Amino acid sequence: MPSNASKLLRVTLAAAIAASGAVVVTAVTAGSSYAATTSSVGGQITRSEILARAQYWYGKSIGYDQGGSYPDSSGRSYRTDCSGYVSMAWHLGTSANTQGLADSFTYQISRSDLMPGDILNSYYDHVILFEKWDDAARTTFSYYSFGSTPVKHRTGVSINAASLDSHPNGDYKALRYKNVVNDPAPGSAWVPAVGDGSSVSGVDGTAYTFTRSVDGHLQGTARYPTDKWATVDLTNVVGTPISAGGAPSAFAMKNGVTGVASANAANGHLQITYRDAADKWATSDLTNQVGTPVTGGAVRATTDPDGTLAIYSRGSNDGGHLSLTALQPNGSWATVDLTNVVGTPISAGGAPATFTQKNGTVGVASANAANGHLQITYKDAAGQWATTDLANQAGTPATDGALSATTDSDGTLMIYSRSVDGHLQGTARYANGQWATVDLTNVVGTPVSAGGAPSAFTMKNGVTGVVSANAANGHLQITYKDTANHWATTDLTNKVGTPVTDGALSATTDPDGTLAIYSRGSTDGGHLSLTALQPNGQWATVDLTNIVGTPAS
């Protein structure tokens, strides 16, 4: 983004133009290998799981009976009619009727935006479960229906037919379940478009958040010290390749350079896009320039105390080796395979989480792919590298790889991890060198979480903590320790009105002391929201997609 483009894009909140964006997922078809059931009753559910649950009743000799019931695969029973069938497929806690589905569980969408697991609902009469579009023009589609014995699966139906499933076409409205979340790209893990490490503050006081929009473009949204906002498509303006995999990871260097690391969707090359101190933007392919192994997008960037830009990435062609690519203070680049050189285990799950301790130790936390053990790999103040298994050292439970780390104002290193049962764990290394771990779900009451990694923060007033997404309802949750060392947890969706989220989160502390939490909505088409605790103690939330124009992600 050249300086003149930057100036043109600096807009006030009041004058910003709202933006919209479509959500895109890969269509799933009958006979696909659908995801296993992983949702909780009434909680978030993927589109593939909805279709998997719908298929469970399909092909069985279940009689249509508004007074009857039949179990799902877990034994929970639902009413055996059209709306009971949708209730079962969505894993609701009740057998809603057609009116209830419309009034309490959904919001209306355009027919052209129908996606797997959505419904066409005739308010007083009938409801059908949308499976997929059968043609690129979106004129014909396939669906499931339980309007008579047995459950039906119909294909090649015209969206403009005079009637749908024997009811007048005009009576149907396209509706989307509030707790549905999109599936990951085929063959990949859950893919966040914003995540832990996506936000950073530059030395000039500008706060940046980098996101990936629905078309894979890298987007930068900035809040300037004057409280003006701007957003820019870095793929269009700077030439950053279409990205994929994990969330982009931001960095701010001591020399005034600010930027972001991402993975090229076409070839897995590690890419950095940066703004120099003169406000000139550029982008570089580090796989070509430095030799960084190709990556699936699990990347994390940070700046070490000595000024080194350190980018950790998990390889996609080497079985999951952890690599470090560094821009050293003398201006030279280097890359090293930490799995080969230091012994860091093959990793899996989300992106590694970086940390810096007050004693000069820097490092990264990752998840051992073989057993889920939490691993740290670190360089001490003398420049010596080592790696440690924290499951053995501190008793941290096995993790799914959703990690975040921060250093408290008292020097305590805090590593947050999500265990395989969804509990939020805190593993601490205190200033005296002692390790400890605590299950924050059991001890503090943090809800079971899902989606992307938790995102840690440390505020200027000494409060430290982590934000996560409640797996049951998508509410944004903050768990924190005050300066008196007391822990607490708060539902920010209830407290502030933050939209429900799929777990794509990034928390940071702005230069003015504001705690800024960015989250992707799961029921608004992927809007980016900011929830902020301001220095005066007041909370606020704002939709940056509507107010600033950040594209849906």
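The values are calculated or read from the model by the stated rules, or taken from the named source; none is laboratory data. Being a predicted model, the structure only gives us computed values, none of them experimental. Note that each Cβ is placed from the backbone with ideal geometry, even for glycine, and that neighbours are counted across all protein chains shown. Note: accessible area is taken over every heavy atom of the protein model, side chains too, but ligands, DNA and RNA are not part of it. Shrake-Rupley method; radii C 1.70, N 1.55, O 1.52, S 1.80 Å.
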**Complete:** Note on the chain: alpha-carbon gyration tensor, axes a ≥ b ≥ c; rule is a/c under 1.5 for rounded, else prolate if a/b larger than b/c, else oblate; result prolate
**Asked** If VAL496, VAL362 are ordered by their accessible area, calculated over protein heavy atoms with a 1.4 Å probe, which sequence runs from highest to lowest?
**Response** VAL496, VAL362
**Message:** I want to make sure I understand the PRE zone here: with the label point 7 angstrom from the Cα of ASN536 toward its beta carbon, which residues in segment 194-235 have backbone N atoms less than 20 Å away?
**Reply:** 224-229
**Request:** Pull out the extension gain between ASN267 and ASP512, defined as 0.36 nm times the separation in residues minus the alpha carbon to alpha carbon distance; nm, one decimal.
**Result:** 84.3 nm
**Message:** With angles folded into 0 to 90 degrees, how steeply does helix 47-57 sit against the dominant principal axis of the chain? Use alpha carbons for both and round to 10.
**Reply:** 30 degrees
**Request:** Please work out whether segment 368-470 counts as rounded, prolate or oblate from its C-alpha gyration tensor, where a ≥ b ≥ c are the square roots of the eigenvalues and a/c under 1.5 means rounded, while otherwise a/b larger than b/c means prolate and anything else oblate?
**Result:** oblate
**Prompt:** Quick one: if you stick a label point 7 Å off each Cα along the C-beta vector at ASP227 and VAL420, how many nm between them?
**Reply:** 5.0 nm
**Message:** If I model a spin label at ALA382 and TRP333 as a point 7 Å from the Cα along the Cα→Cβ vector, what separation in nanometres do I get?
**Reply:** 3.3 nm
**Prompt:** For the chain, what does -39500 (n - 2.57) per DSSP helix run (n ≥ 4), summed and divided by total residues, give at 222 nm, in deg cm²/dmol to the nearest 500?
**Reply:** -2500 deg cm²/dmol
**Complete:** Classified through the alpha carbon gyration tensor (a ≥ b ≥ c as square roots of its eigenvalues; rounded if a/c is under 1.5, else prolate when a/b is larger than b/c, else oblate), segment 283-361 comes out oblate
**Request:** Counting only heavy atoms of the protein chains, get the accessible area per residue of segment 269-371 (1.4 Å probe) and round it to a whole Å² value.
**Result:** 35 Å²
**Asked** In the chain, what is the count of Lys pairs whose alpha carbons are under 23 Å apart, counting only pairs at least 8 residues apart or on separate chains?
**Response** 21
**Request:** Might you tell me the accessible area per residue for segment 51-187, computed with a 1.4 Å probe and given in Å²?
**Result:** 41 Å²
**Complete:** On the accessible surface of the chain, probed at 1.4 Å with all protein chains in place, carbon and sulfur together account for a percent value of 50 percent
